[in-house]
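Remarks on the structure that follows.
Coordinate-derived values only; no laboratory data. Values in this document were obtained by computation on a predicted structure and should not be read as measured data. All Cβ positions, glycine included, derive from the backbone under ideal geometry; neighbour counts span all protein chains shown.
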């Protein structure tokens, strides 16, 4: 390994390199002037890089927020109105939903500021500035260090940099690695924690098509919701208070009523979560053959169980709506990922790329001495990782779906803190977490999930030295997992939320002694210990080796392919991606246009259907062609697609036109191109956006919340 470290400390200018394909890339906004502005303008952009990112004046970046740390949002009025996806705001919508006030089914619209609903633990974060701190972070790091020594030195440097960073008292900062830890940037932020629900359409609009249409184009979903940021009277971040006032932003997006045409320039601004564009072919191969298929199969079973209960019981439907959507979202994404990676011959392309890499390395004495066996070493490490990765995915997928295991995990945290200085804090946090979990818990659903998923786990892992506690229980119940689940749940109090929460409030010590004696706790601990000792320890060693090799491989690619341009993988930091509006051909004989209309919503309409019902008022507005100023040529646009490179975290991101005006709201990717996290291919990779005119049509004509539209700045850039 040491020989690979000898070439890591190179000139940082080599790291600020960009990419080959015009439509690919997730770019750091502060580097656009240096790297991308010329190309962006050649593709149709009419504004400057300084209009997108500036620390000296209000720029587009000041209208973009990280929404809750898991999505993106944008400010669309001078009164702090925030637009994001319906599925991003769904957790908050669900929290306020009851059988009497079913905001999931019926939607919600505040008629004034006083009706806007506070949301516990919801926040938005602005990026104030981004600084390159690579030299400071890597100061003192040398080639003789082990991985642990290297990371320790980096962590120490980061702590010092964060402490000495100049910022306001109400601001925060963090530092993230880029290019696999070869470069580092500092982000100074402001976080507002008083964020209130303003409006959301019913799920028949905001989640129209639900699971059937998820990740699928053509799409007809009005996937949006609205919130408002509140601040102290000084316009600075403040904890929730009735005295807080709407936030006055440095920048609010103007909204175009002109829509987009084919080949129009578009730009998506947001916080993409994670991409892995520079992997070895073995990693991509295992994704297609092993990892994705395992996770898909487990979620197949889990979704079938939950769906069966949700269709029969409205209370369970409300309780499990968010949970079901979360499970389903990745389940379908992984299916598309396998399809796309297979269709585009991603593994073969990686191998061809590696062959050219090796050829160049072999022809250069200096490079060969450093990188000569790098590809072989990566292939060997991934081969060792494969069976452990399969066991990891089985364990994580199964354990994360059974709520009783999660409840035990919380109680274990309390028990571990007992007698320590943090006991009270840990207890309070655990109680809060359990209160939220029990609100969305049904023992019958969980029991069937246990029976179904633990049978899958046992059958797949039974040759991997499973703990005797588990195998003995299975034998005792004659391999009947329904009987096993019934026995465990009938003899446990942990599925009784009221009883557990009461015990935590009255006598937590007694509860902690009691739950340890339950059979489910014994089983949980045995399985966790078995995984930790027989899988995780080995996996962590190998993964550490792969991480080190991958960091070297990242640098090696930039050293070997100097004529190419590289961008850093997504890591939940602010990025800009850009491309053009364009349809695509996913398979032989099928060609998709770039727009959908309300006509398609009506064509899909199925009265009373869980996925494709359409509110009566929408049908009336459609029949009367009452689209107001939002329709065009007698039609109501709904969604469109473009070649912007997006991923998870870009949900809720604004789609901007050539002038920086809001034209759409990013919410999905086309199914065939969901492999763009690993292998972006411009032939089939498309991001899906709801047309901003459809959003305004729903707000104004359907919901009667025109007062919100009056807050916005509506423009016609194409009439200039």
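Just need log10 I(q)/I(0) for region 281-559 at q = 0.09, 0.11, 0.14 Å⁻¹, Debye formula, equal scatterers on the alpha-carbon atoms, no solvent, rounded to two decimals. At q = 0.09, 0.11, 0.14 Å⁻¹ the computed log10 ratios are -0.56, -0.78, -1.08.
The Stokes-Einstein estimate for the chain, based on a Kirkwood radius over Cα pairs and taken at 37 °C with 0.692 mPa s viscosity, is a diffusion coefficient of 119 µm²/s.
For region 172-262, a/c is not less than 1.5, where a ≥ b ≥ c are the root eigenvalues of the C-alpha gyration tensor, and a/b does not top b/c. That puts it in the oblate class.
Built from the Cα atoms of region 229-332, the convex hull projects on average onto 13.6 nm², one quarter of its surface area. Summary of packing: across the peptides 191-204, 298-311, the per-residue average of other C-beta atoms within 10 Å ranks them, highest first, as 191-204, 298-311.
With a Förster radius of 56 Å applied to the C-beta separation of residue 439 and residue 368, the computed FRET efficiency comes to 0.40. With N set to the number of residues, divide the alpha-carbon radius of gyration of region 492-553 by 2.2 N^0.38 Å and report two decimals. Taking N as the residue count of region 492-553, the ratio is 1.81. Summary of packing: across the peptides 490-500, 217-227, the per-residue average of other C-beta atoms within 10 Å ranks them, highest first, as 217-227, 490-500. Remark on region 116-162: Rg and Dmax equal 17.4, 58 Å (Cα only). Given a Förster distance of 56 Å, report the FRET efficiency between residue 416 and residue 623 from their Cβ-Cβ distance, rounded to the nearest 0.05. According to the calculation, E is roughly 0.35.
If the segment from residue 144 to residue 315 were pulled out straight at 0.36 nm per residue, it would be longer than the present Cα-Cα gap by 55.5 nm. The spacing between region 659-720 and region 241-285, judged by their C-alpha centroids, is 10 Å.
Each peptide in 93-103, 657-667, 333-343, 574-584 gets a packing score, the mean of other Cβ atoms within 10 Å over its residues, and the list from highest to lowest is 657-667, 574-584, 333-343, 93-103. Largest first and in whole Å, the equivalent-ellipsoid semi-axes of region 415-532 read 28, 17, 12, each the square root of five times a Cα gyration tensor eigenvalue.
Sorting the Cα pairs of region 63-254 by distance into bins of 10 Å, from 0 upward, gives 8, 29, 26, 20, 13, 4, 0 percent per bin. Shape call for region 582-720 from the C-alpha gyration tensor, a ≥ b ≥ c root eigenvalues: rounded (a/c under 1.5), prolate (a/b greater than b/c) or oblate? Since a/c reaches 1.5 but b/c is at least a/b, the shape of region 582-720 is classed as oblate. Taken over region 653-701, the percentage of Cα pairs per 10 Å bin, counting from 0 up to the bin with the maximum distance, is 25, 39, 29, 7, 0. Within region 459-517, the ratio Rg/Rh, alpha carbon atoms throughout and Rh by Kirkwood, equals 1.12.
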